[in-house]
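The values are calculated or read from the model by the stated rules, or taken from the named source; none is laboratory data. Everything quoted here is computed from the prediction, not taken from an experiment. Virtual Cβ from ideal backbone geometry, glycine too; neighbours counted across all protein chains shown.
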Amino acid sequence: MSRIDELIAEHCPEGVDFRPLAEITSKSTGIKWASVADASFKYIDLSSVDRVTRRIGETVSVTAADAPSRARQVVRTGDVIFATTRPTQMRWAVIPEEYDEQIASTGYCVLRPNNDVILTNFLAHILGTGNFSRYVESNQVEGNYPSIPDSRIREFKVPVPPLEVQREIVRILDTFSKMEAELEAELDARKQQYDYYLRKLTDPSEIDGRIKVGWKASQIGQLCRLEKGRTPIQKAIPGQYPLVVTASARRSSSEYQFDTAASCVPLVSSKGHGVASISKVYFQEGKFALGNILCAIIPNDFRELSAEFITYFLQSRKDFLLVPLMRGGANVSLTVDSLRKLTICFPPRDEQDRIVSALKAMEALIDDQAYSLPTELSARRQQYEYYRDKLLSFKELEPSL
């Protein structure tokens, strides 16, 4: 008999209570922006939570002056947040200490567990179960942006075994989560190393701030032709040509717009909801189509300037060269004209090629690890999911007469 079997036999041999989340959790409080003056907060929007790792990644700082309309929920350490917009993506996370008293989007249902009844991580593991996923799918409201009301989330009934049983289950499941985290950290370390060399190799400045010998600076519009994509991404007819979209994986198109090499810059925010952000700048060559929310940057003279080098240069500096140029309220975007006026720096063509070759070699190394590590990660996740669903399946206690 396992330790959990012993605890169940001792504390709840007849079964456990199933209680609505509304009874064992409370809601978050709302922020009053007028009362916080110039204070700055980390904002957890709908894209901040990684759907795989269940951790909070990139956030932005907001104040009363620039906070999006959805930035209204104050979260605390130990809260569990679940995204109610496109809920079948199953985007949820536990709020760590570094985000205590920060702000979350109203697109999240914030569950503040009563730890005298249910442990934070026990609740978090339940949100990953097939039972909860099926409940969400059957209760979501369809539309352009499917959603599920907070009230329906709070109606979901969860098993509430004694705390001694919860602690043992959490100990086991957290062990699997820790092993996953270690593998993810190894891959992340390689990516951080790559980002360092990306910035270093494309940096045009000497230590004293002067531009490096042999490097030039000029506006993109003086060096390149800029053309906006013409293909509506959702209406594209699949075909033989790559279709560059705002994702690493290419789609396809029956027609092509370009037959050249180009750096492709997204013109809309990768996050939306009033937050300026660009996740990636893309390189493409040959015959290809371009989505109508991107702009192609094509060198006038390929003997002087490499489109691939432009891509790396803009990618390494996107957060302080491209993102500040974005404008708008709910729909934040970048204009082609603002790109034309942007100044870039570049070395002689042979040095550009050397930099590109070095970065591509590093990418290949990371890609090799990105193929091997996910195999091990997948095995760990399957093991975790098996034990999670097994350990969180309880007999419901029969109501007393």
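Kindly indicate the residue of segment 84-103 that is touching a Ser or Thr at 6+ places or on another chain (Cβ under 7 Å) and outside any loop (DSSP other than H, G, I, E, B) and also farthest from LEU163 (Cα to Cα) among those meeting that condition.
Looking at residues that are touching a Ser or Thr at 6+ places or on another chain (Cβ under 7 Å) and outside any loop (DSSP other than H, G, I, E, B), I get THR85.
Could you count how many residues in segment 66-97 are free of Cβ contacts under 8 Å to residues at least 24 places away in the same chain and closer than 23 Å to SER35 by Cα?
Count: 2.
Which one of these is modelled with pLDDT under 95, buried (at least 18 other Cβ atoms within 10 Å of the Cβ) and of a type in the set (A, V, I, L, M): ILE169, ILE211?
Within the list ILE169, ILE211, the selection yields ILE169.
Determine if segment 183-202 includes at least one residue that is in contact with a strand residue (DSSP E or B) (Cβ under 9 Å, 6 or more places away or on another chain), at pLDDT below 95 and under 26 Å from PHE309 (Cβ atoms).
yes
Using the structure shown, decide if ILE207 is assigned to a loop (DSSP other than H, G, I, E, B) and either touching an Asp or Glu at 6+ places or on another chain (Cβ under 7 Å) or not basic (Lys, Arg) (or both).
When the stated conditions are applied, ILE207 passes them.
What is the one condition in (1) touching a Cys at 6+ places or on another chain (Cβ under 6 Å); (2) outside the structural domain of ALA83 (by TED's automatic domain parsing); (3) acidic (Asp, Glu) that ASP195 does not satisfy?
Looking at each condition in turn, ASP195 falls short on (1).
Any idea which of (1) at pLDDT 90 or above; (2) under 30 Å from TYR387 (Cβ atoms); (3) surrounded by fewer than 13 Cβ atoms within 10 Å (Cβ to Cβ) is the one GLY30 doesn't satisfy?
Of everything listed in (1) at pLDDT 90 or above; (2) under 30 Å from TYR387 (Cβ atoms); (3) surrounded by fewer than 13 Cβ atoms within 10 Å (Cβ to Cβ), GLY30 misses just condition (2).
With the requirement that a residue be in a loop (DSSP other than H, G, I, E, B) and closer than 17 Å to VAL281 by Cβ, what does segment 232-269 give you?
Passing the criteria: VAL245, THR246, ALA247, SER248, ALA249, ARG250, THR260, ALA261, LEU267, SER269.
Please name all residue pairs, on different chains or six or more residues apart, with Cβ atoms under 7 Å, provided the first residue is in segment 17-28 and is closer than 14 Å to SER151 by Cβ and the second residue is buried (at least 17 other Cβ atoms within 10 Å of the Cβ) and aliphatic (A, V, I, L, M).
Pairs found: LEU21/LEU111; LEU21/ILE153; LEU21/VAL158; THR25/LEU111; LYS27/VAL110.
Report every pair of residues separated by at least 6 positions or lying on different chains whose Cβ atoms are under 9 Å apart, first residue within segment 155-177 and without any contact (Cβ under 8 Å) to a residue 60 or more places away in the chain, second polar (S, T, N, Q).
Note: pairs meeting the criteria are LEU163/ASN115; GLN166/ASN121; VAL170/THR120; VAL170/ASN121; ASP174/ASN121.
Do you know which residues across segment 192-208 are among the aromatic types (Phe, Trp, Tyr) and surrounded by 13 or more Cβ atoms within 10 Å (Cβ to Cβ)?
Listed by number, the residues that qualify are TYR194, TYR197.
Can you name the residue in segment 11-25 that is surrounded by 14 or more Cβ atoms within 10 Å (Cβ to Cβ) and under 26 Å from ASP100 (Cα atoms) and, of all such residues, is farthest from the chain's Cα centre (by Cα)?
So the residue we want is GLU23.
Looking only at segment 63-75, decide whether some residue is out of contact with any Pro (no Cβ under 8 Å at 6 or more places or on another chain) and exposed (fewer than 13 other Cβ atoms within 10 Å of the Cβ).
So far as segment 63-75 goes, yes, one or more of its residues are out of contact with any Pro (no Cβ under 8 Å at 6 or more places or on another chain) and exposed (fewer than 13 other Cβ atoms within 10 Å of the Cβ).
Within the set of pairs 6+ apart or on separate chains, which have a first residue in segment 111-122 that is touching a residue at least 24 places away in the same chain (Cβ under 8 Å) and closer than 13 Å to PRO20 by Cβ, a second that is assigned to a strand (DSSP E or B) and of a type in the set (Phe, Trp, Tyr), and C-beta atoms under 8 Å apart?
LEU111/PHE82
Has segment 212-228 got any residue that is touching a helix residue (DSSP H, G or I) at 6+ places or on another chain (Cβ under 8 Å), part of a helix (DSSP H, G or I) and either hydroxyl-bearing (Ser, Thr, Tyr) or more than 17 Å from LYS318 (Cβ to Cβ) (or both)?
Within segment 212-228 (the criterion being touching a helix residue (DSSP H, G or I) at 6+ places or on another chain (Cβ under 8 Å), part of a helix (DSSP H, G or I) and either hydroxyl-bearing (Ser, Thr, Tyr) or more than 17 Å from LYS318 (Cβ to Cβ) (or both)), the answer is yes, since at least one residue qualifies.
Do we have VAL265 as buried (at least 20 other Cβ atoms within 10 Å of the Cβ) and more than 22 Å from ILE355 (Cβ to Cβ) here?
Here the answer is no, as VAL265 does not meet what is asked.
Is one or more of the residues making up segment 261-278 farther than 30 Å from LEU46 by Cα and either outside the structural domain of LYS42 (by TED's automatic domain parsing) or touching a helix residue (DSSP H, G or I) at 6+ places or on another chain (Cβ under 8 Å) (or both)?
yes
Out of ARG381, ARG388, ARG317, ARG349, I need the residue that is basic (Lys, Arg) and modelled with pLDDT of 95 or more. Which one?
Unique residue meeting the criteria: ARG349.
Considering ASN121, ASN114, which residue is under 17 Å from ILE153 (Cα atoms), more than 19 Å from the chain's Cα centre (by Cα) and among the polar types (S, T, N, Q)?
Only one candidate passes the filter, namely ASN114.
ILE298: of a type in the set (A, V, I, L, M) and crowded, with 20+ Cβ neighbours inside 10 Å, yes or no?
So ILE298 fails the test.
Looking only at segment 29-47, how many residues end up being without any contact (Cβ under 8 Å) to a residue 12 or more places away in the chain and polar (S, T, N, Q)?
The number of residues fulfilling the criteria is 1.
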